[in-house]
1. May I ask you to verify whether A11 is of a type in the set (G, A, S), at pLDDT 95 or above, surrounded by 13 or more Cβ atoms within 10 Å (Cβ to Cβ) and more than 20 Å from G91 (Cβ to Cβ)?
2. Looking only at segment 35-49, which residues are crowded, with 16+ Cβ neighbours inside 10 Å and either in contact (Cβ under 8 Å) with a residue 40 or more places away in the chain or small (G, A, S) (or both)?
3. Going residue by residue through segment 109-126, is there one that turns out to be open to solvent by less than 30 Å² (accessible area, probe 1.4 Å), within 19 Å of D10 (Cα to Cα) and of a type in the set (S, T, N, Q)?
4. Would you tally the residues in segment 146-169 being more than 28 Å from G89 (Cα to Cα) and among the small types (G, A, S)?
5. Could you check how many residues of segment 143-160 are over 18 Å from E121 (Cβ atoms), surrounded by 14 or more Cβ atoms within 10 Å (Cβ to Cβ) and at pLDDT 95 or above?
6. Among the residues of segment 144-169, count how many are of a type outside the set (A, V, I, L, M, F, W, C), in contact with a Lys or Arg (Cβ under 9 Å, 6 or more places away or on another chain), in contact (Cβ under 8 Å) with a residue 40 or more places away in the chain and not in a loop (DSSP other than H, G, I, E, B).
7. Identify all residues within segment 64-121 that are basic (K, R) and part of a loop (DSSP other than H, G, I, E, B); write none if there are none.
Amino acid sequence: MRVRSMTVSDADRVVEIYGQAIKSGHATFQENPGTWEDWDQGHLPECRLVACDDNDIVIGWAGLSGVSNRCVYRGIAEISVYVDPDHHGKGIGKALLSALIAASEENGIWSLEAGIFPENEASLELHKTLGFDIVGRKRGLGRMGYGPLAGQWRDVMLLQRRSQVVGVD
């Protein structure tokens with residue numbers, strides 16, 4: 001497995017993997033993966049990564065979204081990391097998140113944020129392992145519109161990782 005920069009030729013697999021994560025019911029409130037154009041518009045042009053198997057098939061991806069258009073927040077981004085379910089538990093998420101942290105710091109990002117359903121214990125542990133702290137819990141943030149938890153209000157854990165390299169005086 002190797003991590004590399006995402007290219008437009010990876011678009012179909014990126015959207016497909018996102019769709020697989022949506023089906024789990026523990027990845028996002030979003031009900032469908034949308035199109036590549038949706039994905040592209042929702043993520044910063046920097047720090048787009050994919051993990052590939054030995055045949056260069058994309059098996060996971062990571063990217064950043066801005067949190068605000070205000071200039072004071074230019075160094076803060078929300079992370080997205082998704083791995084093909086057939087490849088869970090193999091360290092791919094950790095490799096992607098580690099590479100995303102490094103790439104974000106190379107691009108001047110001083111704070112990374114994540115919103116994770118509390119039931120997604122594996123993701124919470126992964127983030128904690130790589131220096132994210134739980135900074136809060138948004139109670140009843142949104143109502144699930146699909147899947148086995150459809151109609152239920154869901155909490156979201158807020159995590160943050162403050163760079164020790166960027167934005168340090």
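The values are calculated or read from the model by the stated rules, or taken from the named source; none is laboratory data. Worth saying up front: this structure is predicted, and the values here are computed from it rather than measured. All Cβ positions, even for glycine, are placed from backbone atoms using ideal geometry, and neighbour counts span all protein chains on display. The area values use the complete protein model at the heavy-atom level, side chains included, leaving out ligands, DNA and RNA. Shrake-Rupley method; radii C 1.70, N 1.55, O 1.52, S 1.80 Å.
1. Yes.
2. C47, R48, L49
3. Scanning segment 109-126 turns up no residue that is open to solvent by less than 30 Å² (accessible area, probe 1.4 Å), within 19 Å of D10 (Cα to Cα) and of a type in the set (S, T, N, Q).
4. Number satisfying all stated conditions: 2.
5. Adding up the residues that qualify gives 1.
6. Here the count works out to 1.
7. The answer is R70, R74, K90.
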